[in-house]
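Quick note: the coordinates plus some simple rules give every number you see, no bench work behind them. Every value quoted in this text rests on a predicted model; they were computed, and no experiment measured them. Note that we place each Cβ from the backbone using ideal geometry, even for glycine, and neighbour counts take in every protein chain shown.
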Amino acid sequence: MFKLEDVCYGYTDGRLALNKVNLQVQPGEWLAVLGANGSGKSTLARHLNGLLRASSGRVLVAGRPVEDYHNLQDLRRLVGIVFQNPDNQIVGNSVEEDVAFGLENLGVPRPEMRERIAWALQLVGLSGREKVDPAALSGGQKQRLAIAGALAMQPKALLLDEATSMLDPVGVAEVLQVLQDLHAQGLTIVMITHNMSEVLYTDRAVVMAEGRLLLDKPPQELFAHTEDLAQWHIELPGVTQLGNLLGVSGCLDLTQLLDALSKEAV
Amino acid sequence: MGAKKGGVRFGSYYPVNSLIHRLDPRAKILAMLIFMLGIFMVNKFWVFGLVYLFGFIMLALAHIPPGKALNSVRGLLVLLLFTSLINMFFTPGEQILWQYGPLHLTMEGLLRSGLMLLRLVALIAFSGLLTFTTTPIELADALESLLKPFQRLGMPVHEFAMMMTIALRFIPVLLEEADKIVKAQRSRGADFSSGSLKRRLNSIIAVIVPLLYNALKRADDLAIAMEARAYIGGEGRVSLRELQWRLTDGLALATVLLFVVFLFVSHWLKWGI
């Protein structure tokens, strides 16, 4: 779905936000991108749907270099993006108006627009709330609305740029449930996050620091790199940390920890 | 501004289902413009009687309590009284009823002041018929549609409507933010209600600066989010909300137009005061 070849992106002051990044994301894959603030995660995401252009190197989306998408709307249709703060990305004055925004821009005929709005709202569990003012929704619901807005455009991939970082645990759980459902339906997901517990849901995780890709592993293997992760200011999930303290490493959830502890006891 | 977080009633929209509420907003805007123009032509008391009768019938059809329409007048009462008094005591005339220094009360002044008061009250009270019965979004859509011909002259009609829509969307967000900043500053000792003027101004600046900074940050984020959702301006855009001009819209506009024609004719009638 995405292929980055030696991608660099520099700021005007000469600093590199991306430094020779090579990455491939397969269709239907769920990738987590981890890293401390300023590591280049968001810059990376913005290259994937043409919001930013690489200073050097190549970005390919669905097999085509980004530069070949002369009509940027084609690229935006292919790759949806959801940002950190739901309040700053909701445009409409009602739930259905907001989901419609992208479709209106693409010139989708009204009857089809209505069908797609109903479909997207059902996917994120907001059916029946079409006329509700977005200001009246909870944080998790607002972020699900933002996801619905991206999904209504029927993208092949969804980028989430720290989309859960401003949500309470209930909101995070709501969004992760929606992502799990979408992943099961074959959607490619690239999730930028600080939160290691969210990595547990993904197929693969990459770690970034100072614009470089440092690690590229499945979550279980990633958690074994305790010292490296600590050096890059990435905190392990609570369960994994507890396991490490108790002498059992690599536990991804409570069940695994309990199993490991009972085996030790035997 | 009657903006509230979460349910949101901006301006004065009165949410009931009435014949007037259901009219196409473009018909309501045009009818209101014509009606306001007609009111300016009225120069007789008996015609004002008919204007008020017409206005109250419209309010009844819109299921709006007359008191609600007259409430908007209350806010401008001082201004209305001031205008009336100026007209009353400074209009020259032949039939002087009372005089004190430069002040003089004439029959012409009394009549002119009465007509002025009736005109202003009618303008304020009945202009609410548009905002009581039309949501701000409908108004933005209607304005975009009505101003479309000016697009050929280079007027950024779509952008103007989009700005209105976004401004409306962000009013509750910014109100909530202002509330948070006020609380944060209060917790750090800011005092907005007592102290010298300078001190109070400083406290207000401590709210306005972060609010403005955050608003600009939000605007930047929103622009990126809109771009990410394929927004490239009005070209090729299809709006979800469709305005439909029906027979009732034409009839309603024609009724107002006929009444306004009568108001224009009455201007030149010789009889009645």
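Numbers below:
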item: Net dipole in debye of the stretch B:193-258 [+1 Lys, Arg Cβ; -1 Asp, Glu Cβ; about Cα centre; nearest 20]; result: 500 debye
item: Cα→Cβ-extended label distance, 7 Å offset, between A:Asp259 and A:His194, nm; result: 3.2 nm
item: Dipole of the stretch A:2-235 [Lys/Arg +1, Asp/Glu -1 at C-beta], most positive-end residue of A:Leu72, A:Asn195, A:Val95; result: A:Leu72
item: Gap separating the Cα centres of the stretch B:153-168 and the stretch A:55-89, nearest whole Å; result: 26 Å
item: Most fluctuating residue given options A:Leu167, A:Leu23, A:Leu75, as computed from a GNM of chain A linking Cα atoms under 10 Å; result: A:Leu23
item: Gyration tensor (alpha-carbon) shape descriptor, chain B, a/c threshold 1.5; result: oblate
item: Calculated FRET value between A:His233 and A:Asn71, using beta carbons and R₀ = 51 Å, to 0.05; result: 0.80
item: Spacing of the two label points (7 Å from each Cα toward its C-beta) at A:Asp6 and A:Val170, in nm; result: 5.2 nm
item: C-alpha long axis of helix A:95-106 to longest principal axis of chain A, angle in °; result: 70 degrees
item: Per-residue HN-Hα couplings for the stretch A:213-228 [Karplus 6.51, -1.76, 1.60; θ = phi - 60°; Hz; x = Gly/Pro]; result: 8, 9, 9, 9, 9, x, x, 4, 6, 4, 5, 6, 8, 3, 5, 4
item: With Cα atoms, 0 to 90° folded angle of helix B:136-147 axis to chain B main axis; result: 70 degrees
item: Mean Cα-pair separation over length for chain A, i.e. relative contact order, pairs under 8 Å, 6 or more apart, %; result: 24 percent
item: Placed amide H near A:Leu215: partners under 5 Å, 5+ positions off or other chain; result: A:Val207
item: Ranked list, fewest to most other Cβ atoms within 10 Å of each Cβ, for B:Ser193, B:Ser84; result: B:Ser193, B:Ser84
item: Segment B:Ile232-B:Gln151, extension gain: residue separation times 0.36 nm, minus the distance between their alpha carbons; result: 27.5 nm
item: Karplus-derived 3J(HN,Hα), 6.51/-1.76/1.60, for each residue of the stretch A:178-191, Hz, glycine and proline x; result: 4, 5, 4, 4, 5, 5, 5, 8, x, 6, 7, 10, 10, 10
item: Acute angle (nearest 10 degrees) that the helix B:45-61 long axis makes with the longest principal axis of chain B, alpha-carbon atoms; result: 40 degrees
item: Top of A:Glu96, A:Glu115, A:Glu29 by mean-square fluctuation, Gaussian network on chain A, Cα under 10 Å; result: A:Glu115
item: When each of A:Lys217/B:Lys217; A:Lys41/A:Lys263; B:Lys180/B:Lys217; B:Lys28/B:Lys68; A:Lys3/A:Lys217; A:Lys41/A:Lys142 is checked by Cα-Cα distance, pairs over 27 Å; result: A:Lys217/B:Lys217; A:Lys41/A:Lys263
item: Cβ-based net charge around A:Glu29, under 11 Å, with every Lys or Arg adding one and every Asp or Glu removing one; result: 0
item: Near-label residues of the stretch B:115-143 by backbone N, under 20 Å of a point 7 Å along Cα→Cβ of B:Arg74; result: B:118, B:120-133
item: Local net charge near A:Met1, Cβ-Cβ under 9 Å (Lys/Arg +1, Asp/Glu -1); result: +1
item: Choice from A:Gly149, A:Gly38, A:Gly171 with maximal GNM fluctuation in chain A (Cα, 10 Å cutoff); result: A:Gly38
item: Theoretical ellipticity at 222 nm over chain B - DSSP helices of four or more residues, -39500 (n - 2.57) apiece, nearest 500; result: -23000 deg cm²/dmol
item: Dipole in debye (nearest 20) - the protein assembly as shown, about Cα centre, beta carbon charges: Lys, Arg +1; Asp, Glu -1; result: 2200 debye
item: For the protein assembly as shown, convex hull of alpha carbons as volume per residue, Å³; result: 227 Å³
item: Average beta-carbon neighbours from other chains, 10 Å sphere, peptide A:143-152; result: 1
item: Centre separation in Å (Cα based) which lies between the stretch B:80-95 and the stretch A:194-266; result: 84 Å
item: Loop GluC sites (Glu not before Pro), the stretch B:69-150 (other Cβ atoms within 10 Å of the site Cβ: 10 or fewer; DSSP); result: B:Glu94
item: Cβ charges +1 (Lys, Arg) and -1 (Asp, Glu), total dipole of chain B, debye; result: 640 debye
item: Gyration tensor (alpha-carbon) shape descriptor, the stretch B:158-228, a/c threshold 1.5; result: prolate
